[in-house]
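No lab work stands behind these numbers, since they all come straight from the coordinates. What you are looking at is a predicted structure, and each value in this text was computed from that prediction instead of being measured. Glycine gets a Cβ as well: all are built from the backbone with ideal geometry, and neighbour counts include every protein chain shown.
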């Protein structure tokens, strides 16, 4: 059994966010097993727990934990067994007698349980100590595995592993999986490229040169040297290589860290240099915002997958749009009203022509090129004109003037009215507006 947990709830918004997570619609089922009777009572109950802690010196009112098993084991436990597991964890965390809520989730064929305790005792207002919680999680897990011998498989823990057993390292964190969903770059592929470079080299400089052939580079992160992929996502070298941090540091000792860029510098470079994109005037109604990413899941946009598969390209889904694999080093993101190329260097003529042909197939009456260099944008205009677009229907970011900003009202009041130029009028929101979303 795997147990994760931490103290939280230092603000009302954090408590509300936790309530939304416990009842999120992404779960196939979310059943309250204990603590309150109905789902609408969950958020007020958590808010009450936080209110109790306001009379103490603790800033984090709640302790949130999750208990997970593999899919084949989880559905073998009935609700009383899950409550028994919660009781065991509660005892190890010294939270016996504290108010709690237990919620069971079923997601992607796997069942797990969430528990939220009020760290402040309702009668004494004594705050439960949350130190060394990771060790307490593992101790509770080992006790349950021994108690239910044969029903669940033992898990090797960091703090409770047998002597001589290597320290377990997770293949990826939750943040890593989110980055994979966002960028389309698989964590397993990054780990494979790093591992191949590691075993074929014997120094840090040789390792850096080897991973560069896979589009990766070394950079300085919050905790030392990391690898940055083509989308700008940092990767922990010890985690991806399944090695101890000391072993990695020893190999990379010949690298001058002052010569390496930071992760932020790599990300800015990727955003400003390695992206060529185009967007359209699709006559969307006014009032739409560029940040509304969920538009990708609309029925109109979802049919675009068939367009790319009919052309023979592999297509994956992400929260940015359809990820179209044009080549091993080039990905096109189709967000419905925006086509974005992600690649090293400038787009080729064939890639630009593909974007223009897609715009024509969808009936776009005007297009706008942005990102990349001025040479790319001007070459894209030439190809669009050759494809039949009139020059008046093509705009380039490099030729646009910056928008004038309206003077703040408090500044205008302090200046003499006769010395002021008329304030720019507000845009006519009754007319269709082109929405552009800049993408890294």
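Here each label is just a point 7 Å from Cα along the line to Cβ, and for residue 16 and residue 37 those points are 2.6 nm apart.
If the segment from residue 353 to residue 209 were pulled out straight at 0.36 nm per residue, it would be longer than the present Cα-Cα gap by 48.5 nm. Each of 28, 351 was scored by other Cβ atoms within 10 Å of its Cβ. Arranged with the fewest first, they read 28, 351. Each residue in 265, 49 was given a count of other beta-carbon atoms within 10 angstrom of its own, and listing them fewest first yields 265, 49.
By per-residue mean of other Cβ atoms within 10 Å, what is the highest-first order of 198-204, 335-341?
On the way: 198-204: 13.6, 335-341: 22.1.
The packing order, highest mean first, is 335-341, 198-204.
Peptides 86-92, 385-391 ranked from most to least packed by the mean count of surrounding Cβ atoms within 10 Å: 86-92, 385-391. The ranking of 121, 114, 149 from fewest to most other beta carbons within 10 Å of each one's beta carbon is 149, 121, 114. Spacing of the modelled spin labels on residue 79 and residue 51, each 7 Å from Cα toward Cβ, amounts to 2.7 nm.
Listed highest first by mean packing, meaning other Cβ atoms within 10 Å per residue, what order do 10-16, 157-163 come in? Let's see the in-between values first.
Numbers: 10-16: 14.3, 157-163: 12.0.
For the peptides 10-16, 157-163, the packing ranking is 10-16, 157-163.
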